[in-house]
Amino acid sequence: MQSTILAPISFVGLLVMSNVFMTFAWYAHLKNLSDKPWWIAAILSWGIAFFEYALQVPANRIGFEHFNLAQLKITQEIITLAVFVPFSVLYMGQPFKIDFIWAGLCLLGAVYFIFR
């Protein structure tokens with residue numbers, strides 16, 4: 001069992017890295033493989049997703065030593081939005097929308113209710 005301080009840092013760090021892989025597995029093929037058949041994109045995405053799971057599983061095991069299941073999930077959702085917005089804007093070239101901020105504020109409300 002990791003120390004009380006290092007475990008949450010490890011948990012969040014691993015989830016951030018996992019989400020980077022997840023986001024690329026789920027969406028990068030829309031930009032990079034749009035001219036290829038869907039099954040090629042699926043196979044390549046599965047390959048990327050392996051690394052997502054290789055990070056996500058230990059992250060959740062570490063996190064579950066200190067947080068309950070709902071807290072693990074809402075932390076995941078916060079990290080997903082924090083990774084998705086820069087990916088969407090910087091990598092995919094999508095415009096930044098004020099809706100990203102509203103979504104983040106809604107998630108902060110969810111954090112409040114889950115962690116109180």
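The values are calculated or read from the model by the stated rules, or taken from the named source; none is laboratory data. Being a predicted model, the structure only gives us computed values, none of them experimental. Note that we place each Cβ from the backbone using ideal geometry, even for glycine, and neighbour counts take in every protein chain shown.
Overview of values
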{"read-out": "Cβ pairs under 7 Å, 6+ apart, first in the stretch 91-116 and without any contact (Cβ under 8 Å) to a residue 12 or more places away in the chain, second small (Gly, Ala, Ser)", "value": "GLN94/SER88"}
{"read-out": "Test result for HIS66, of a type outside the set (Lys, Arg), in a loop (DSSP other than H, G, I, E, B) and more than 12 Å from the chain's Cα centre (by Cα)", "value": "yes"}
{"read-out": "Condition met for SER18 (among the hydroxyl-bearing types (Ser, Thr, Tyr), buried (at least 18 other Cβ atoms within 10 Å of the Cβ) and under 27 Å from TYR112 (Cα atoms))", "value": "yes"}
{"read-out": "Matching option when the condition is of a type outside the set (S, T, N, Q) and either under 19 Å from LEU108 (Cα atoms) or not in a helix (DSSP H, G or I) (or both), among GLU52, GLU77", "value": "GLU77"}
{"read-out": "Cβ-Cβ under 7 Å pairs, at least 6 apart or on other chains, the stretch 21-32 side under 13 Å from PHE51 (Cβ atoms), far side surrounded by 18 or more Cβ atoms within 10 Å (Cβ to Cβ) and charged (D, E, K, R)", "value": "PHE21/GLU52; MET22/GLU52; ALA25/GLU52"}
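Conditions tested, residue by residue: (1) at pLDDT below 95; (2) over 21 Å from ARG61 (Cβ atoms); (3) among the β-branched types (Val, Ile, Thr).
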position: LEU6; (1), (2), (3): yes, no, no
position: GLY13; (1), (2), (3): no, no, no
position: THR23; (1), (2), (3): no, yes, yes
position: HIS29; (1), (2), (3): no, yes, no
position: SER34; (1), (2), (3): yes, yes, no
position: PRO37; (1), (2), (3): no, yes, no
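Every residue, every condition in (1) among the β-branched types (Val, Ile, Thr); (2) in a helix (DSSP H, G or I); (3) surrounded by 16 or more Cβ atoms within 10 Å (Cβ to Cβ), yes or no:
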{"residue": "THR4", "(1), (2), (3)": "yes, no, no"}
{"residue": "ILE9", "(1), (2), (3)": "yes, yes, no"}
{"residue": "ALA28", "(1), (2), (3)": "no, yes, yes"}
{"residue": "GLY47", "(1), (2), (3)": "no, yes, no"}
{"residue": "LEU90", "(1), (2), (3)": "no, yes, no"}
{"residue": "ILE101", "(1), (2), (3)": "yes, yes, no"}
